[in-house]
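Undergrad: My questions all concern the structure below.
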Amino acid sequence: MTNQIQVGIDIGGTKMLAIARDSEIQARSQITTGKDFSAADAEAEIDRFMQTLSTPPRSIGIAIPGLVDGQGTVIACDVLPNLIGWQPLLAFSAICSIDVLNDAEAALRQVVSDLKPQTVAVVVMVGTGIGSAIYVNGRVLRGANGWAGELGSIPIGIEGKTLDAQASGAAILQQLGIDADRLSTLVAANDLTVVRSIESAGSSLGMGLAALINLLNPESIVLAGGTFRWQGYLEAAMQSAERYSLADLWAGCRVQISPHGGDLVALGASQYIKSARLRF
């Protein structure tokens, strides 16, 4: 019987999640990353995870929080700068089929598996940074070089600060000068400064969502990423998005949190698609 195990790897700014699946998840592993996390660290963890599997997988999908070229090389990654220049195909192509892609596009694969082909849909990821992926009438909208969807890089407001600098998880922590654990403690204590900072960031994200809605007229926007778990962030984003969207376009768009939680990117990455860069 043909091996149906597919591995999805989600490498993010705070964690690296590996999932092995066929019709169901068969194995999973998670480690902490961080600014100093390197290509060597990633390869070592993937090797370790592969050793736990009873048989080599049919495919591996590796999702990166940055730009990936047509050869699967990481060419830009602000969240994990030590991954720039990494070529996972060189390390793992002898084992099985390999796909390297942006994390938002990986999330989009999982999302559109439940949508009809003619849908216009957007995935927005908010974690350490902000990214998005766009699906239009059966195809991913990639742009001229395959890099469309850098929502975090757009300027919002008269000062020209990027959305990443105003609304990402990293921006909130940097503004407050604390880590995520301390933030959770202060939110639980209803610290007014922290709550206002989270709500302000959420409002900025809402402007970005409104820009997507007004430009693309999507039927669906799926939100994912750990920052949405922070109290007040989602609510502020939704209020701001509605305020700045054209009323008819807002009414025609369903905005929702992904039901797959923190597994979304890894699940999408595990859905290896032959010639993915040409069609999906």
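The values are calculated or read from the model by the stated rules, or taken from the named source; none is laboratory data. Because the structure is predicted, anything quoted here is derived from the model rather than measured. Here Cβ is always computed from backbone atoms with ideal geometry, including for glycine, and neighbour counts include all displayed protein chains.
Undergrad: Which of the residues spanning segment 222-258 are in a helix (DSSP H, G or I) and either over 16 Å from residue 204 (Cβ atoms) or charged (D, E, K, R) (or both)?
TA: Correct list: 226, 229, 235, 242, 243, 247, 248, 249, 250, 251.
Undergrad: Another question, then. Looking only at segment 8-28, count how many residues are touching a strand residue (DSSP E or B) at 6+ places or on another chain (Cβ under 9 Å) and either within 18 Å of residue 225 (Cα to Cα) or not assigned by TED's automatic domain parsing to the domain that holds residue 64 (or both).
TA: Result for segment 8-28: 11.
Undergrad: Tell me, yes or no, whether segment 248-257 has at least one residue that is in contact (Cβ under 8 Å) with a residue 24 or more places away in the chain, crowded, with 16+ Cβ neighbours inside 10 Å and in contact with a Pro (Cβ under 6 Å, 6 or more places away or on another chain).
TA: So far as segment 248-257 goes, yes, one or more of its residues are in contact (Cβ under 8 Å) with a residue 24 or more places away in the chain, crowded, with 16+ Cβ neighbours inside 10 Å and in contact with a Pro (Cβ under 6 Å, 6 or more places away or on another chain).
Undergrad: Looking only at segment 217-233, count every residue that is more than 20 Å from residue 113 (Cβ to Cβ) and surrounded by fewer than 22 Cβ atoms within 10 Å (Cβ to Cβ) and tell me the total.
TA: Residues flagged as more than 20 Å from residue 113 (Cβ to Cβ) and surrounded by fewer than 22 Cβ atoms within 10 Å (Cβ to Cβ) within segment 217-233 amount to 6.
Undergrad: Follow-up. Output the qualifying pairs, or none if there are none: Cβ atoms under 8 angstrom, residues six or more apart or on different chains, first residue in segment 23-42 and modelled with pLDDT under 95, second residue among the aromatic types (Phe, Trp, Tyr) and not in a strand (DSSP E or B).
TA: 27/49
Undergrad: Taking into account only those residues within segment 108-126 that are assigned to a strand (DSSP E or B) and touching an Asp or Glu at 6+ places or on another chain (Cβ under 7 Å), which is surrounded by the most Cβ atoms within 10 Å (Cβ to Cβ)? Please lay out each step first, then the result.
TA: Step one: of segment 108-126, the residues assigned to a strand (DSSP E or B) are 120-126.
Then keep just the ones that are touching an Asp or Glu at 6+ places or on another chain (Cβ under 7 Å); that gives 120-121, 125.
Numbers: 120: 17, 121: 22, 125: 33.
Residue satisfying both the conditions and the ranking: 125.
Undergrad: Looking only at segment 63-81, which residues are out of contact with any strand residue (DSSP E or B) (no Cβ under 6 Å at 6 or more places or on another chain) and either over 16 Å from residue 129 (Cα atoms) or of a type in the set (Asp, Glu) (or both)?
TA: 70, 71, 73, 78
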